[in-house]
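Engineer: Below is a structure I'd like to ask you about.
The values are calculated or read from the model by the stated rules, or taken from the named source; none is laboratory data. Everything numeric in this text was worked out from a predicted model, so none of it was measured. All Cβ positions, glycine included, derive from the backbone under ideal geometry; neighbour counts span all protein chains shown. Surface accessibility is based on the protein's heavy atoms, side chains included, excluding ligands, DNA and RNA. Shrake-Rupley method; radii C 1.70, N 1.55, O 1.52, S 1.80 Å.
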Amino acid sequence: MEESKMLGPSPDASHPMLGFPQVGFLKSLIDNPNIVVGDYSYYDDPDGPEGFEAKCVLYHFPFIGDKLVIGKFCALARGVRFIMNGANHQSSGFSTYPFYIFGNGWESVTPQPGDLPYKGDTVLGNDVWLGYDALVMPGVTIGDGAIIAARSVVVSDVPAYSVVGGNPAKVIKQRFSDQVIRELLVIKWWNWPVDKVTRNLPAIVGADLSALRDAV
């Protein structure tokens, strides 16, 4: 028991912080097969993390089939939103109004497969931090180690280990040099067994690349 405590919280714990129920590991709180969450990724909301899917994953209709994929060790602040492909309206005609969804004769203009815009899956890499009220649009891929500033609107892919912000979100800076980023993307410490991650936490949080190299 004591040894297990030294290896961090269980990735299957819904509320890993005793007495702090606003933080939840999403993997244990999501049962939608089109939302895939890696170990230790959490959502922080004073109203409770249980409402993540209903409040944060919008227009995610199962008949469309798009996925939201969240990697390991991601930190999601209160109010983050993912707009999925179901939000898209047909824009090739004179009106973007979705007449067909109301039926009563209007279903005659129901879009055919391929008529509606489809941007694909939305993917967060590993060790990604999404700040308060960040908004991610359909089909965006956010690279490993990226930081999304509060209230950013992310409309295009985000490079690994970059900091982006604004509306639309733009790269503010790169967190590390190109060479360091290349090495981190090869090391992929987030895929290590938890005991190895635990032993190497000083190097991970202290940005000691030499120690991480030695640990591989």
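Engineer: Write down the Å³ per residue value for the convex hull defined by the alpha carbon atoms of segment 75-199.
Structural biologist: Output value, Cα hull per residue: 158 Å³.
Engineer: Hey, any idea what % of segment 1-99's accessible area is carbon plus sulfur with a 1.4 Å probe?
Structural biologist: Using a 1.4 Å probe with all protein chains present, segment 1-99 comes out at 59 percent carbon and sulfur.
Engineer: Given a 1.4 Å probe and heavy atoms of the protein chains only, how would you sort 185, 201, 212, largest accessible area at the top?
Structural biologist: In descending accessible area the options line up as 201, 185, 212.
Engineer: Further question on the same structure: Please compute the contact order of segment 1-76 in relative form: average sequence separation of alpha-carbon pairs under 8 Å and at least six residues apart, divided by the residue count, as a percent.
Structural biologist: Relative contact order here is 29 percent.
Engineer: Also, I was wondering about something else. Give me the percent relative contact order of the chain, please, defined on Cα pairs under 8 angstrom at least 6 residues apart.
Structural biologist: The value is 13 percent.
Engineer: Now, a different point. Could you tell me which label, among (i) 1.16; (ii) 0.95; (iii) 1.02, carries the value of Cα Rg over 2.2 N^0.38 Å calculated for this structure?
Structural biologist: Among (i) 1.16; (ii) 0.95; (iii) 1.02, the one derived from this structure is (i).
Engineer: With only Lys, Arg, Asp and Glu charged, each at its Cβ (+1 for the first two, -1 for the last two), find how big the charge dipole of the chain is about the Cα centre; round to the nearest 20 debye.
Structural biologist: In total the dipole reaches around 520 debye.
Engineer: Please find, in a Gaussian network model of the chain (springs between Cα atoms separated by less than 10 Å), the residue of 17, 137, 84 whose mean-square fluctuation is greatest.
Structural biologist: 17
Engineer: Near the amide H of residue 81, under 5 Å away, which other amide H atoms are found, from residues 5 or more places off or on another chain, if H is placed in the peptide plane?
Structural biologist: For residue 81, whose amide H was placed from the backbone, the distant partners under 5 Å are 134, 135, 136.
Engineer: Which net charge results when you count Lys and Arg as +1 and Asp and Glu as -1 among the other residues whose beta-carbon is under 12 Å from that of residue 73?
Structural biologist: 0
Engineer: Would you calculate a helix-derived [θ] at 222 nm for the chain, using -39,500 (n - 2.57) for each DSSP H run of n ≥ 4 and dividing by the full residue count, to the nearest 500?
Structural biologist: -4000 deg cm²/dmol
Engineer: Expressed as a whole percentage, what fraction of the accessible surface of segment 102-162 belongs to carbon and sulfur atoms when a 1.4 Å probe is rolled over the protein heavy atoms?
Structural biologist: The computed percentage sits at 57.
Engineer: Amide H of residue 36 versus every other amide H placed in the peptide plane: which residues, excluding those fewer than 5 positions away on the same chain, fall under 5 Å?
Structural biologist: Residues meeting the criterion, in which the H sits 1.01 Å from N, are 68, 69, 70.
Engineer: Next question. Pull up the cross-link candidates among the aspartates and glutamates for residue 72, meaning alpha carbon to alpha carbon under 13 Å and not fewer than 8 places away within one chain.
Structural biologist: By straight Cα distance, residue 72 reaches 12, 39, 127, 144.
Engineer: Another question, if that's okay. Among all the aspartates and glutamates, which ones have a C-alpha under 13 Å from residue 119's C-alpha, if same-chain residues fewer than 8 places away are not counted?
Structural biologist: The qualifying aspartates and glutamates are 66, 157.
Engineer: Another question about this same structure. May I ask you to give the solvent-accessible area per residue for segment 20-68, in square angstrom, as obtained with a 1.4 angstrom probe?
Structural biologist: 48 Å²
Engineer: What whole number of Å gives the distance from the Cα centroid of segment 62-104 to the Cα centroid of segment 11-55?
Structural biologist: For segment 11-55 versus segment 62-104, the Cα centre distance is 21 Å.
Engineer: Now for a different question. So what are the ³J(HN,Hα) numbers for segment 30-47, from phi and the Karplus equation (6.51, -1.76, 1.60; θ = phi - 60°), rounded to whole Hz, Gly and Pro as x?
Structural biologist: 10, 10, 6, x, 8, 10, 10, 10, x, 4, 6, 7, 10, 10, 10, 8, x, 7
Engineer: Further question on the same structure: Under a 5 Å amide H to amide H cut-off, with H placed in plane at 1.01 Å, what residues pair with residue 158 once short-range neighbours are removed?
Structural biologist: Those qualifying (amide H under 5 Å, at least 5 residues apart or on another chain) are 141, 142, 143.
Engineer: Next question. In sequence order, what are the phi-derived ³J(HN,Hα) couplings for segment 18-26 according to the Karplus relation 6.51 cos²θ - 1.76 cosθ + 1.60 with θ = phi - 60°, rounded to whole Hz, with x for glycine and proline?
Structural biologist: Once θ is set to phi - 60°, the couplings for segment 18-26 become 4, x, 9, x, 6, 9, x, 6, 5 Hz.
Engineer: What accessible area per residue comes out for segment 144-202, rounded to a whole number of Å², with a 1.4 Å probe?
Structural biologist: Accessible surface, normalised per residue, equals 55 Å².
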